[in-house]
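Read through the structure below, which is laid out as structure tokens, and then see the notes.
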Amino acid sequence: MTGGAGAGRSFLVVGAGIAGLATAAALQRRGHSVRVFEERRDTAIGAGISIWPNALAALDEIGLGDPVRQAGGRVTAGALRWHDGTWLRRPSAQRMVKALGEPLVVIQRGALGDILTGALRDGTVSYGVAVRAVERTATGAAVRTAAGERIEADAVIGADGVNSVVARHLNGALPARYAGYTAWRGVADVALDPDLAGETLGAGTEVGHVPLGADRTYWFATERLPEGHRCPDGELAYLRAKFADWAHPVPAVLAATAAEQVLRNDLYDRAPARTWAAGAVVLVGDAAHPMRPHLGQGGCQGLEDAAILAHLIGAEPSDLPGSFARYAAVRRPRLRRLVWESKLVGRVVNLRPAVLGAAASRATVLIPEALLTRHLAGIAAGSAFRLPVV
């Protein structure tokens, strides 16, 4: 499955998450041959994801921005309150639109996956195929599957997440460390007042709640707990009891959530990938730059990766190693800052003792609105996504 030096190159993408599917769609749109291998057979995910304007701009480059906008709910302000209902930040109704160029879109992950998969040619994605090894060859790269099959192409793209086989091929061992806290995510069958879309904070914990269309709400919560801890009476029962006396809409959102709609994941920090690209092998998304969820940019940066990588390949398809090296050089500075900042926010929210975290969280009200808005725009405005000049 190797092609000539020029247009119509062949690619193997390992991983059918957001970054992998978006990269495959971007490359196929430019006329390349792509196969995607996904170890899981069931990739249905019930929770939502925030698609910020920077990621919408990347999706526009791939030709999929409008379908995503039409499939999700919109956040135009972004409020911040203390758990007793006290406003920490009560921005104007169109704050995000003014700062970022358009609203933040919240979409169910399954719906986003369907949009990305729908942009691919039939048969592009092979599910239940586990890639166990990667090889660099004289003409490109190859993968070996758990079934013993060896498949060659002009290049291999690792989009296989935090535990990436492709990242380990490039970097060796990449140890993960428990971040010290866990996260719940869910979808509630209840409408959310747009003025309350945002986050509610408490000592050592936070709850986010944003509209997922007209009559559903996506929410998440974090808390510092021992690794592997599970709630004996069920996750949802625990959350309902813990947040019972919090201000509206938190109790109402949890009350309208079905137990099967709740996901729980301990959060981990993984050693950063020192090498993102070597020869005909390159990393995108969490395989390259895993980050904590506090900026809402994990999936968004995977979408930026996809658009920029395809753009650079399109500029010089005869030199894939050169395109991959330039992609890594272009993306590293932005991702280094975002990974660091998302980690910092998580540390502040989860400071111990909890009273310190509470004080630090409440102190955010002292940051001038104009300064906060400029900072947010640099991360997530549509203009924050830039295609490199080629």
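Tell me, yes or no, whether the range 305-315 has at least one residue that is touching a residue at least 24 places away in the same chain (Cβ under 8 Å), surrounded by fewer than 23 Cβ atoms within 10 Å (Cβ to Cβ) and over 20 Å from Gly20 (Cβ atoms). Yes - at least one qualifying residue is present in the range 305-315. Out of Pro91, Pro67, I need the residue that is over 30 Å from Ala173 (Cα atoms) and under 19 Å from the mean Cα position of the chain (by Cα). Which one? It is Pro67. Scanning the range 56-89 for residues that are closer than 25 Å to Thr117 by Cα and touching a strand residue (DSSP E or B) at 6+ places or on another chain (Cβ under 7 Å) gives Leu56, Val68, Arg69, Ala71, Gly72, Gly73, Arg74.
For (1) among the small types (Gly, Ala, Ser); (2) under 19 Å from the mean Cα position of the chain (by Cα); (3) at pLDDT 95 or above, each residue gets a yes or a no:
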residue: Ala259; (1), (2), (3): yes, no, no
residue: Leu267; (1), (2), (3): no, yes, no
residue: Thr275; (1), (2), (3): no, no, yes
residue: Met291; (1), (2), (3): no, yes, no
residue: His311; (1), (2), (3): no, no, yes
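Inspect all residues belonging to the range 99-109 and state whether any of them is surrounded by 15 or more Cβ atoms within 10 Å (Cβ to Cβ), over 17 Å from Ala57 (Cβ atoms) and out of contact with any strand residue (DSSP E or B) (no Cβ under 8 Å at 6 or more places or on another chain). Looking for residues that are surrounded by 15 or more Cβ atoms within 10 Å (Cβ to Cβ), over 17 Å from Ala57 (Cβ atoms) and out of contact with any strand residue (DSSP E or B) (no Cβ under 8 Å at 6 or more places or on another chain), one finds none in the range 99-109, hence no. Of the residues making up the range 159-181, just one is in contact with a Ser or Thr (Cβ under 8 Å, 6 or more places away or on another chain), surrounded by 22 or more Cβ atoms within 10 Å (Cβ to Cβ) and either under 13 Å from Asp286 (Cβ atoms) or modelled with pLDDT under 95 (or both), namely Ala159.
Taken together, Val210, Val156 contain a single residue that is touching a residue at least 12 places away in the same chain (Cβ under 8 Å), within 27 Å of Tyr127 (Cα to Cα) and buried (at least 23 other Cβ atoms within 10 Å of the Cβ), which is Val156. Within the range 159-169, the residues that satisfy the criterion of being within 15 Å of Arg270 (Cα to Cα), in contact with a strand residue (DSSP E or B) (Cβ under 6 Å, 6 or more places away or on another chain) and in a helix (DSSP H, G or I) are Val165, Val166, Ala167.
Within the range 65-112, track down each residue that is among the aromatic types (Phe, Trp, Tyr) and free of Cβ contacts under 8 Å to residues at least 40 places away in the same chain. Break it down into steps so the answer makes sense when it comes.
The initial filter retains those residues of the range 65-112 that are among the aromatic types (Phe, Trp, Tyr), namely 82, 87.
The one that is among the aromatic types (Phe, Trp, Tyr) and free of Cβ contacts under 8 Å to residues at least 40 places away in the same chain: Trp87.
Of the strands (runs of 3 or more DSSP E) lying entirely inside the range 80-158, the ones with 1 or more residues being of a type in the set (D, E, K, R) are found at 87-89, 131-136, 141-145, 150-153.
Counted as qualifying within the range 231-320 are the helices (runs of 4 or more DSSP H) with 3 or more residues that are more than 22 Å from Ala197 (Cα to Cα), namely 235-242, 298-315. Taking each residue of the range 322-344 that is within 15 Å of His289 (Cα to Cα) and looking for partners that are buried (at least 20 other Cβ atoms within 10 Å of the Cβ) and small (Gly, Ala, Ser) with beta-carbon atoms closer than 7 Å, six or more apart or interchain, yields Tyr327/Ala277; Ala328/Ala277. Of the residues making up the range 373-382, at least one is modelled with pLDDT of 90 or more and in a loop (DSSP other than H, G, I, E, B). If you check Asp215, Asp195, Asp233 for being modelled with pLDDT under 95 and touching a strand residue (DSSP E or B) at 6+ places or on another chain (Cβ under 7 Å), only one passes: Asp195.
For the range 43-66, indicate whether the set of residues that are touching a Ser or Thr at 6+ places or on another chain (Cβ under 9 Å), part of a strand (DSSP E or B) and hydrophobic (A, V, I, L, M, F, W, C) is non-empty. No, because not a single residue in the range 43-66 is touching a Ser or Thr at 6+ places or on another chain (Cβ under 9 Å), part of a strand (DSSP E or B) and hydrophobic (A, V, I, L, M, F, W, C).
Every residue, every condition in (1) outside any helix (DSSP H, G or I); (2) at pLDDT 95 or above; (3) in contact with a strand residue (DSSP E or B) (Cβ under 8 Å, 6 or more places away or on another chain), yes or no:
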| position | (1), (2), (3) |
| --- | --- |
| Gly322 | no, yes, no |
| Val330 | no, yes, no |
| Glu341 | no, no, no |
| Leu387 | yes, yes, no |
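Here Val75 meets the list (1) touching a Phe, Trp or Tyr at 6+ places or on another chain (Cβ under 9 Å); (2) at pLDDT below 95 almost entirely, failing just condition (1).
The values are calculated or read from the model by the stated rules, or taken from the named source; none is laboratory data. Note that this is a predicted model, so its numbers are computed, not measured. Cβ sites come from the backbone with ideal geometry, for glycine too, and all protein chains shown count toward neighbours.
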